[in-house]
Amino acid sequence: MNIGREPTRGLQTWWPALAGAAQAASIAMPGSGQAQGWLQILSLTLLASGLAKMARLGFFKPASLGQAAWFGGVFATTWLAGSFWWLYVSMHDVGGLPAPLAALAVLALAAALALYYALACAVWVALARGRWGARPGAASVLFAALWTLAELMRGRWLTGFPWGAGGYAHVDGMLSVWAPWIGVYGIGALAAWLAMRLALSGWHLRALKPWMGLGLLSWGLQAWGPVFTTSAGLGQVELLQANISQTAKFDAGSGIRDALQWYDAQLRASQQPLVVAPETAIPLLPQHLPEAYWSGLQQHFARPDRAMALVGAPLGSLAEGYTNSVLALGSDKTSAYRYDKSHLVPFGEFIPPSFGWFIRMMNIPLGDFKSGGWDQPAIPWQGQRLAPNVCYEDLFGEELALRFKDAATAPTALVNVSNIAWFGNTLAVDQHLNISRMRAMELGRPMLRATNTGATAIIDHTGRVTAQLPRFTRGSLVGAYEGRHGLTPFAQWASVGGFWPLWPLWALCLAVVALAFWRRQRP
């Protein structure tokens, strides 16, 4: 490194690319699938060190804002592409899109989303050159605010795709204790603040001060912090996993026949009070099922002494539209319960305008689904209130929090039904498990996960996996869960957003940036 000279374009590319790759690995480490919070902070510190040098806070001469944007953009593109590279599997291996086009699509999506972070880096360098940047504490708060705004904007564009947010790297470790207070975005803000403080310290011993301060506070919360929820009683559940590959799932001669036979047998044989089958476990519309198939299941569960089943299935017709739904099978009022997925997947469940040509290039059953309402109630069952969510809906904790507006009707347990077979045996499985764990911690509720190929698991209200079925195997997971009453601080403040969830965090970050602009304009 040529100290005292302006950074070269090569340095501005390989350095942030390396740091971005480390950030991607921190979300779920290849091999183990474990989150690594220390690596996430280290990767952000490498990025922050480069930005600090560009802002005259280190050895390099002042760089242009374009260089700062490039630096941040390379970091974010590498990080995001490394986080969701498995989209290639769904487009190429499952959808048949030519390999170069599938790889280009992943890279293009990552680069487009990286623009938010590129802008955040450029703005930070511009403002840090003023009086605000002369104080490490203020400069670190500004970086945390800008970085968090970039994360929040990524979570809103095209209905949002915040997969791989930095906060998920801290589902274990020192910062996890903050989840019920400030959620995954707040944890990401703490990590960004800490990273910039470390960068601005010049790696001296005084860098230990923010680590020690935050560590002691986190330890204190862990040891003596308040308990926000109380037990709503124990329940027993059976979670089904058929392990049907996505390439065969909608094949009439293999996947469809296999699914109908296996789920019918497992649902009828269950001896647990609650049995859950994953997303599109029944892969056909009810009107296309074999005669008496669905009515037979309904009759089986209609008896008062039977279990209740929650089953994923598509519903609707060409005239009225289609929904990705969860249906209840049981006696009395439970048999009328239906949950329709509210947060649909772009390019998977709805086609953004002008992108029909892209979908037509893939040989997979995609289409436009209807979105369910945000305020769908939980289903009461044996003293619990169960709130379903479908697949990557649990990526949006602020939307799940909307169901917690009224503590008297708030869910006592969350039920996620998913089909990750689209992405093969990749890190998507581990990443999604960590996402569900974060939701459990944020909202103080257990998460029951029934998936097609994994990870089928029972997660308690602290985010701990208490039971898990081996992945890519066929079987059922039987276990106990403890529902919870009461609201975490995150559930309270995140649920007041309505049309614009998380607005308190938006407002706080925008206020910090506005203050930095104002101070920069002062003589």
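Each reported figure results from applying straightforward, stated rules to the coordinates on display, with no laboratory input. All values reported here derive from a predicted model rather than from experimental measurement. Note: ideal-geometry Cβ built from the backbone for every residue, glycine included; neighbour counts use all protein chains shown.
Note the count of lysine pairs whose C-alpha atoms are less than 30 angstrom apart in the chain, limited to pairs 8 or more residues apart or on different chains.
11
Could you order peptides 481-489, 184-192, 369-377 by the average number of other Cβ atoms within 10 Å of their residues, highest first? Kindly include the intermediate steps, with their values, before the conclusion.
On the way: 481-489: 20.8, 184-192: 25.7, 369-377: 15.2.
Result, highest mean first: 184-192, 481-489, 369-377.
Only Cα pairs under 8 Å and at least 6 apart count here; give the relative contact order of the chain as a rounded whole percent. Could the numbers behind the result be given before it?
On the way: 1046 pairs, mean separation 84.5, N = 523.
Worked out over the chain, it gives 16 percent.
Which order do peptides 152-160, 92-100 fall in by mean Cβ count within 10 Å, highest first? Mind showing how you got there, number by number?
Values: 152-160: 17.9, 92-100: 15.6.
Result, highest mean Cβ count within 10 Å first: 152-160, 92-100.
Within 10 Å, count the other beta carbons around each residue, average over each peptide in 460-469, 291-300, 308-317, and list them highest first.
Numbers: 460-469: 18.4, 291-300: 13.6, 308-317: 21.7.
Ranked from most to least packed, the peptides come out as 308-317, 460-469, 291-300.
About its Cα centre, how strong a charge dipole does the chain have in debye, to the nearest 20, once Lys and Arg get +1 and Asp and Glu get -1 at the Cβ?
2100 debye
Output ³J(HN,Hα) for the range 185-200: one whole-Hz value per residue in order, computed from phi by the Karplus curve 6.51 cos²θ - 1.76 cosθ + 1.60 with θ = phi - 60°, and x for Gly and Pro.
5, x, 5, x, 5, 4, 5, 5, 4, 5, 4, 5, 4, 5, 5, 6
Once amide H atoms are placed 1.01 Å from N in the peptide plane, what residues at a sequence separation of 5 or more from GLN34, or on another chain, have their amide H within under 5 Å of its amide H?
Long-range HN contacts for GLN34: MET29.
What does DSSP give for the chain in terms of the percent of beta bridges that are antiparallel, rounded to the nearest 5? Write down the numbers at each step before the final one.
Values: 31 of 49 bridges.
Restricted to the chain, the bridges split so that about 65 percent are antiparallel.
Output wanted: per-residue J couplings in Hz (rounded whole) for the range 231-248, from phi through Karplus 6.51 cos²θ - 1.76 cosθ + 1.60, θ = phi - 60°, x for Gly and Pro.
So the J values, rounded to whole Hz, are 5, 9, x, 8, x, 10, 9, 10, 10, 9, 9, 7, 6, 9, 5, 5, 5, 9.
What residues have an amide H closer than 5 Å to that of ALA467, excluding those fewer than 5 places away on the same chain, when H is modeled at 1.01 Å from N in the peptide plane?
Answer set, sorted by chain and number: ILE458.
Show the residues, 5+ positions off or on another chain, whose built amide H is closer than 5 Å to the amide H of VAL345.
The list, which skips near neighbours in sequence, is PHE350.
Along each principal axis of its Cα atoms, how long is the range 230-487 end to end? Whole angstroms, biggest number first, please.
51, 39, 36
For the residues THR78, THR148, THR473, what sequence is obtained by ranking on other C-beta atoms within 10 Å, fewest first?
Numbers: THR78 23, THR148 28, THR473 11.
Ascending number of Cβ neighbours within 10 Å: THR473, THR78, THR148.
Out of the range 187-257, which chymotrypsin sites (Phe, Trp or Tyr not before Pro) are coil in DSSP terms and have no more than 11 other C-beta atoms within 10 Å? Can you show the working numbers first?
Details: sites: TRP193, TRP203, TRP211, TRP219, TRP224, PHE228, PHE250; in loops: TRP203, PHE228, PHE250.
Sites meeting the loop and neighbour criteria: TRP203.
Among DSSP bridges having both ends in the range 230-487, what percentage is antiparallel? Round to the nearest 5.
Details: 31 of 49 bridges.
The antiparallel proportion sits near 65 percent.
Tell me, what ³J(HN,Hα) does each residue in the range 254-266 have, in order and in whole Hz, if you take phi through Karplus 6.51 cos²θ - 1.76 cosθ + 1.60 with θ = phi - 60° and put x for Gly and Pro?
9, x, 5, 4, 5, 4, 4, 5, 5, 5, 4, 5, 5
Let me make sure I get this right: for the range 202-314, a, b and c are the square roots of the gyration tensor eigenvalues over alpha carbons, sorted descending. Under 1.5 in a/c it's rounded, otherwise prolate if a/b > b/c, else oblate. Which is it? Walk me through the numbers before you get to the answer.
Working: a/c = 4.93, a/b = 2.11, b/c = 2.34.
Since a/c reaches 1.5 but b/c is at least a/b, the shape of the range 202-314 is classed as oblate.
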